[in-house]
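These notes are about the structure you will find just below.
Nothing in this text is a laboratory measurement; each read-out follows from the coordinates by a stated rule. Every value quoted in this text rests on a predicted model; they were computed, and no experiment measured them. Glycine gets a Cβ as well: all are built from the backbone with ideal geometry, and neighbour counts include every protein chain shown.
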């Protein structure tokens, strides 16, 4: 049964194109402005610490392949706008591998700015340290870019983190990296609402096999622009893969794939918004795939959750440390064993809307203050609308619409133009308002197949880091990553 929701209801891999006008967003937020290093120093495991401490703005430290057992202390290093300090390993071939220690975090950031760290492997060895951490005692850590990192072996317990910030942090870029096996993948901010994380860009990452969160951004109790952090800004989370198909903690330690907490309740930062789009959220045996509060725009994502229990929705926007406020949930495709979208406990003085989504889930499919022009049906009937809902991920799973299944009269998308790529679908194709769900086309998917891998910049692009891509492909083959429940049969006649 197809249901088009056009009236308000009360109570009731992937291949995106780069954002138009935002192709250099990482350089802008990171502060490097596309400027290449002005000088290069080379180092190896025997001498890198001495050379690291002497780096000046605009210089690059190029690390030789090898095992680095003494960590990477980025303490008191400060580049400048357009003259970042770059620390990197080889782009191809053997990697520079930093191994974990019980005493310390592997990449330790303290009182540092305008830093780029890239092309490193961080092997936690099952020990107690985090892979990357802006330390609690740091006064600041800003304009930090982490890119093309391979982080693994940080899953000794749920408190061990792949990438963590505990000091005031702003203008961070985390991109094109893999976190495979951690207690928590990315944890930004502090549990008490201090150590605020502002104006981040998290894009094109794969985070999987975490015990707890794939990623969490903590709530914020304050914003202090006198430190230099922006008084107002968006944090953008786009084109990532969040998977808890394996190794996820159950019971009291269970966590969503992604959780975002509220912004400051008043003053600077209180109008900030999370822009979360173009991501693949894949499996969670216990919790929601996404949970949020405060100001959130959630669009053009794919949500796949066919694991029990039925009680948790795929998308849960609800009170946590505060309440939902301005919420826009639009152009998402949800295939879920339990409920699809829930927005509850919100501040009624703000608007909460779910529009132009395609939701195949247990009833009630959508529970929101206002729903407009969504398509809903039961989870078991998803195959009547989507190309392939029964194959395993990486082996044919395809949530692209069948011809004529998710197209209708143009939806009212007024008020969305302020959001990045609001009119681009999951593949980066232009929208005309007629399609429901994450795609704006139908029939044959022109984008890359869904897989547990980092997402390329273009529909025809290959992985930017072929070693990481090869590693992931082998992991999928050897471990048999599950897809949607294989026993479920599509109700669509072929």
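Summary of packing: across the peptides 149-155, 25-31, the per-residue average of other C-beta atoms within 10 Å ranks them, highest first, as 149-155, 25-31.
One chain, two ends: residue 38 and residue 94. Fully extended at 0.36 nm per residue, the span grows by 17.6 nm beyond their Cα-Cα distance. Debye-formula intensities of the chain, expressed as log10 I(q)/I(0) at q = 0.07, 0.12 Å⁻¹, are -0.34, -1.02 (one equal scatterer per alpha-carbon, no solvent).
Shape index of region 160-223: Rg/Rh, with Rg the Cα radius of gyration and Rh the Kirkwood radius from the inverse mean 1/r over Cα pairs, equals 0.97. When each of 367, 178 is scored by the number of other beta-carbon atoms lying within 10 Å, the sequence from fewest to most is 367, 178.
Here the simple spin-label model places points 7 Å from the Cα toward Cβ, and for residue 271 and residue 398 these points are separated by 4.5 nm. With the convex hull drawn around the C-alpha atoms of region 25-117, the volume per residue stands at 101 Å³.
Protection proxy ranking of 243-250, 43-50, by the mean of other Cβ atoms within 10 Å over each peptide's residues and highest first, is 243-250, 43-50. With Cα atoms as the point set, region 111-197 shows a radius of gyration and Dmax of 12.2, 33 Å.
Gain on full extension, evaluated as 0.36 nm per residue between residue 49 and residue 350 minus their Cα-Cα distance, stands at 103.2 nm. Beta-bridge orientation, the chain: approximately 5 percent antiparallel, per DSSP, counting only bridges with both partners inside. Given a cut-off of 19 Å, what percent of all Cα-Cα pairs of region 228-306 lie beyond it? Percent of Cα pairs beyond 19 Å in region 228-306: 43. Judged by the mean number of other Cβ atoms found within 10 Å, the most tightly packed of the peptides 374-381, 294-301 leads the ranking 294-301, 374-381. Counting only DSSP H runs of at least 4 residues, each contributing -39500 (n - 2.57), and dividing by the residue count of the chain, the helix-based mean residue ellipticity at 222 nm comes to -1500 deg cm²/dmol.
Relative contact order for region 265-395: 18 percent, from Cα pairs under 8 Å spaced at least 6 residues apart, divided by residue count. Using equal-weight Cα scatterers in the Debye expression, the normalised intensity of region 350-406 in log10 at q = 0.17, 0.19, 0.23, 0.30 Å⁻¹ is -0.61, -0.72, -0.92, -1.19. Each label was represented as a point 7 Å from its Cα along the Cα-to-Cβ direction; for residue 412 and residue 81 these points are 4.2 nm apart.
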